[in-house]
Amino acid sequence: MAMPGMEDERFAQSVILLVGHGDEGAMGLVVNQELANLTFADILDELDLGDPDAVIRLPDLIRERSVMRGGPVEKSRGFVLHTSDYHSGNTYKVTEDIGLTATLDVLKAMAFGPAPRESFFALGCCGWSPGQLEQEIAENGWLTVPFTRELLFDIPVEDRYRRALESLHITPASLSSDAGHA
């Protein structure tokens, strides 16, 4: 999660789920920023994923679902984090319980079934070159918080930053933008 002194405004008070990290760099998705004035139904309409009348008849719970801002990289590409009950040949295993799919098949499943038990749709992602994320952490740009499925799927979006901090037993007032190094 972003520290108070984060200089890049695109990441101010953001909580990012790191979905991949290795010798080639890191990738993550912001999990606490909704895109204003954009719904899941808008995405389905734009992509022409089936009969327009079927999209109109979808329950409001599906149609009005939020679209998240996953990050500033590849902003027109969609990514779905979902429970492991959904799997396609294009699903990347993030954890034992969470997968990442970035193909149209998961959007169709989310709309028309069989849908994953829980899912999260985002446009864009975050990316770091090799060593960049580690350097930003060392410079006090990021605070690491253990992953919980609850934070991703159960906590309201507007509460995720605060709840991520609370998982470490700290409050926003106790954070400092100054880095300490021995």
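The values are calculated or read from the model by the stated rules, or taken from the named source; none is laboratory data. Bear in mind that the values here come from a model prediction, so they are computed numbers and not experimental data. Glycine gets a Cβ as well: all are built from the backbone with ideal geometry, and neighbour counts include every protein chain shown.
Pairs please, first residue from the stretch 1-20 and over 13 Å from W128 (Cβ atoms), second anywhere and part of a loop (DSSP other than H, G, I, E, B) and of a type in the set (V, I, T), Cβ atoms under 7 Å, 6+ apart in sequence or on different chains.
M1/V15; M1/V145; V15/V31; L17/V31
Could you grab the pairs with beta carbons closer than 6 Å, sequence gap of 6+ or different chains, first residue in the stretch 78-90 and of a type in the set (D, E), second one part of a loop (DSSP other than H, G, I, E, B)?
Listed by first residue and then by second, the contacts come to D85/P116; D85/R117.
Name the pairs whose Cβ atoms lie under 6 Å apart, with the first residue in the stretch 154-165 and free of Cβ contacts under 8 Å to residues at least 60 places away in the same chain, the second surrounded by 15 or more Cβ atoms within 10 Å (Cβ to Cβ) and part of a loop (DSSP other than H, G, I, E, B), and 6 or more positions between them or separate chains?
Note: pairs meeting the criteria are R163/I155.
Among the numbered criteria (1) within 12 Å of the chain's Cα centre (by Cα); (2) of a type in the set (D, E, K, R); (3) at pLDDT below 95, which single criterion is violated by R57?
Every listed condition holds for R57 apart from (1).
Can you tell me which residue among E158, E150 is surrounded by fewer than 14 Cβ atoms within 10 Å (Cβ to Cβ), of a type outside the set (K, R), closer than 15 Å to Q13 by Cα and under 14 Å from the mean Cα position of the chain (by Cα)?
Values: E150 fails: closer than 15 Å to Q13 by Cα.
So the residue among E158, E150 that is surrounded by fewer than 14 Cβ atoms within 10 Å (Cβ to Cβ), of a type outside the set (K, R), closer than 15 Å to Q13 by Cα and under 14 Å from the mean Cα position of the chain (by Cα) is E158.
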